[in-house]
Amino acid sequence: MVASTLFPGVALVTGAASGIGRATARLFAREGCRRLVLVDRNVSGLQETQSMLSFSHADVSTLITETDIRCLESVSAMVKASVERFKRIDYAVNAAGLMSIPSRSHETTLEEFDRINSVDYRGLWLVAREVIGQMRAQEPLETHDGRPGNRGSLVNVSSVLGQVARPNAAPYCGAKGAVISMTQADAIDYSKDNIRVNCVCPGVISTPMVLPNVGYYEPEIMMQTLQSSISRLGTADEVADCILFLSSSKASFVQGAAMVVDGGYTIR
């Protein structure tokens with residue numbers, strides 16, 4: 001069956017209060033998705049995102065859920081509320097994340113290590129775990145051109161720092177590397193369930209999380225970014241474009257990919 005839009009199903013986006021998560025939610029709406037679940041701990045930010053969607057797309061139905069992805073009970077309740085409202089979850093995007101405080105490992109506290117990993121790795125895994133459980137129970141959607149559809153698509157947001165390192169960021173680099181490996185392992189495990197699992201690896205992106213910390217990257221990261229093939233910071237919309245491609249039925253044969261979105265940073 002041919003769908004009238006690339007996104008006839010339900011999208012769920014964590015980290016939707018700002019940055020890449022917000023940009024992804026807005027792009028889903030722009031590209032025809034009419035049911036969205038917006039997930040974050042920042043309720044005021046979620047309400048702002050919801051207002052943006054309502055203003056530009058009055059026919060979009062949204063559910064905002066204040067969720068602590070570090071907590072299994074909170075994540076389970078979020079998925080349950082999503083299914084109760086919209087009956088299914090078709091496109092899940094794990095965009096919630098934290099940046100680490102710059103320090104070498106011997107200077108990093110256990111509390112800081114746990115803070116980063118509880119969100120960037122453990123929290124992302126918890127969301128994936130619960131969302132995939134729901135996707136396994138639902139039938140595939142129709143596609144834009146009649147090709148076989150999937151039961152669901154999950155896109156995790158990793159980082160180029162999961163592939164290459166920078167100084168003073170061992171916990172962050174480790175967590176983002178774990179996301180890439182987890183994505184590949186889940187892609188293998190859930191192919192037989194007709195669920196696709198991929199990730200994007202952004203470079204230095206102009207978002208509220210990154211901009212206050214750009215001084216930490218100088219000169220190692222900022223200079224390399226500005227000397228990359230595309231000599232500027234990336235935008236959240238440019239990352240969201242790649243996320244939506246991976247979520248869509250146009251990527252129906254893409255499985256376990258780690259799509260780099262870095263303006264050429266990693267090839268310098």
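Quick notes
- Residue that is modelled with the lowest pLDDT, among those in the stretch 226-248 that are of a type in the set (Ser, Thr, Tyr) and within 19 Å of Val157 (Cα to Cα): Thr235
- Scope the stretch 34-85; condition surrounded by 16 or more Cβ atoms within 10 Å (Cβ to Cβ), touching a strand residue (DSSP E or B) at 6+ places or on another chain (Cβ under 7 Å) and of a type in the set (S, T, N, Q); matching residues: Thr49, Gln50, Thr62, Thr65, Thr67, Ser82
- Annotation note: of Ala58, Ala16, Ala23, the sole residue that is aliphatic (A, V, I, L, M), within 21 Å of Ile205 (Cα to Cα) and out of contact with any Leu (no Cβ under 7 Å at 6 or more places or on another chain) is Ala23.
- Ile89 meets the conditions (1) hydrophobic (A, V, I, L, M, F, W, C); (2) assigned to a loop (DSSP other than H, G, I, E, B); (3) open to solvent by 10 Å² or more (accessible area, probe 1.4 Å) in every case but one. The failed one is (3).
- Breaking point among (1) in contact with a strand residue (DSSP E or B) (Cβ under 6 Å, 6 or more places away or on another chain); (2) in a helix (DSSP H, G or I), for Asn117: (1)
- On inspection, Ser153 fails the criterion of being among the hydroxyl-bearing types (Ser, Thr, Tyr) and more than 18 Å from Gln134 (Cβ to Cβ).
- Of all residues in the stretch 1-31, those satisfying the criterion of being open to solvent by 40 Å² or more (accessible area, probe 1.4 Å), in a loop (DSSP other than H, G, I, E, B) and more than 12 Å from Tyr91 (Cβ to Cβ) are Met1, Ser4, Ser18.
- Whether a residue is outside any loop (DSSP other than H, G, I, E, B) and either without any contact (Cβ under 8 Å) to a residue 12 or more places away in the chain or open to solvent by less than 90 Å² (accessible area, probe 1.4 Å) (or both) was assessed, and Ile101 does not pass this test.
The values are calculated or read from the model by the stated rules, or taken from the named source; none is laboratory data. Only a predicted model underlies this, so the values are computations on that prediction, with no experimental measurement involved. Backbone-built Cβ (ideal geometry, glycine too); neighbour counts: all protein chains shown. Protein only, heavy atoms only, side chains kept; ligands, DNA and RNA dropped before computing areas. Shrake-Rupley method; radii C 1.70, N 1.55, O 1.52, S 1.80 Å.
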